[in-house]
Amino acid sequence: MSAARFEYDLVLGLPHTNHRFFSEHHLLQYAGHFQWSSIAAAAGMPLSTLRTTAGGEVYASFYFVEERIPDDAPLESFRLDDTVRFTVDLRSFKNIALEGKLFFDRPDRLGAASPFIHFANIFITPEKGNSRLRVAPPAQADFAALPPLPNDENPFNITRAAEQSGRLEVLDDAWQSAGTYEHRYAIDVDRDTNGAGLVYFANYVAFMDTAERLALQSLSIDARLRSLRRRRIAYYGNAAVDDTITVRVDVLRDESRPESLGFRYRIARDEDGQTICHSEAIKAL
């Protein structure tokens, strides 16, 4: 049984771009919205109406993201007024988690070689606050009509392994540390949260970008030239909106790939030192 497919067009404007045009965290904001819209269409109701059996709010939280950006279609090549088409293929795991595989590109180029995003969401309730999320399947939504996601293909297995190792298999042992940097950031409740009152998943990329840029500056590497090629992100929790987080970034180099940089990130909330995110990325220079 093939995945359920949904399609969306986005015309790029100023809200979708920054000085490098279609930036990564803006991409994830809008691709994430299309993922949520697809889940809502599959549920037959707005996600904001989902509730637990006890009446608590339910939120389709992201717990895994993977991006693959080919050399011939970097994010910086998508410019103002370009139309970008997204396709979303959904599968469901036991009515508590959903997987989305997204391809995006200009409509005349869209295909299997286009840029790709892999999303995984799990239903949680924030009844005990941002720092104490728990799994809570929605009482009134049934995703049985979606193709099933086999357990051995569930990205949860990747995130669970990374929780112990701190690694997400983007970078192998050929990548050697060139330096480490830590950046503390106070959550901005007005800018960093979403309508569910949680720190928005896409903003974690912005937090990591800031730490990464400062790390590169400390190593006298021109941070303006980096361009995403691959990333994985595993989420393990959220931070209270009045908390401070610490982003640790390791900058890595591979002698066989002098044109590239590797990054390994860990985000911890200062409230209790708990790791809430791991990520690895490769960027071209």
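Every number in this text was worked out from the coordinates using simple rules, so none of it is lab data. This one's a predicted model, so the numbers in the text were calculated from it and none came from an experiment. Here Cβ is always computed from backbone atoms with ideal geometry, including for glycine, and neighbour counts include all displayed protein chains.
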Would you kindly state how much longer the chain becomes between Ser177 and Ala161 on full extension, computed as 0.36 nm times their sequence separation minus their alpha carbon distance, in nm to one decimal? 3.6 nm
Distance in nm between Val241 and Arg51 label points, each 7 Å along Cα→Cβ, equals 2.2
Mind checking the log10 I(q)/I(0) for the range 65-193 at q = 0.15 Å⁻¹? Debye, one equal scatterer per Cα, no solvent, two decimals. -1.12
GNM flexibility winner over the chain from Ser48, Ser220, Ser92 (Cα, springs under 10 Å): Ser220
Could you please tell me the mean projected area of the C-alpha convex hull for the chain, averaged over all directions and given in square nanometres to one decimal? 14.9
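Under the rule that an exposed site lies in a DSSP loop and has at most 11 other Cβ atoms within 10 Å, name the longest stretch of the chain with no GluC sites (Glu not before Pro) of that kind, not counting the sites themselves. Walk me through the intermediate numbers first.
Values: sites that count: Glu169, Glu255, Glu259.
Answer from the scan: 1-168.
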Please state the shape class of the range 28-116: rounded when a/c is under 1.5, otherwise prolate if a/b exceeds b/c and oblate if not, all from the C-alpha gyration tensor. prolate
As an exercise, use a Förster radius of 30 Å and the Cβ-Cβ distance of Val135 and His33 to find the FRET efficiency, rounded to the nearest 0.05. 0.85
What is the Cα coordinate range of the range 181-285 on the first, second and third principal axes, sorted by size from largest, in whole angstrom? 43, 23, 22
Helix-only CD estimate at 222 nm, as mean residue ellipticity for the chain, using -39500 (n - 2.57) per DSSP H run (n ≥ 4): -5500 deg cm²/dmol
Compute the Cα gyration tensor for the range 1-154, then decide on rounded, prolate or oblate, letting a ≥ b ≥ c be the square roots of its eigenvalues: rounded whenever a/c is under 1.5, prolate when a/b is larger than b/c in the other cases, and oblate in all that remain. prolate
What are the ³J(HN,Hα) couplings of the range 8-15, residue after residue, when phi is run through the Karplus curve with 6.51, -1.76, 1.60 and θ = phi - 60°? Round to Hz, x for glycine and proline. 9, 10, 10, 8, 6, x, 4, x
Sparse-neighbour loop sites [trypsin sites (Lys or Arg not before Pro); the range 1-58; at most 16 other C-beta within 10 Å; DSSP]: Arg20
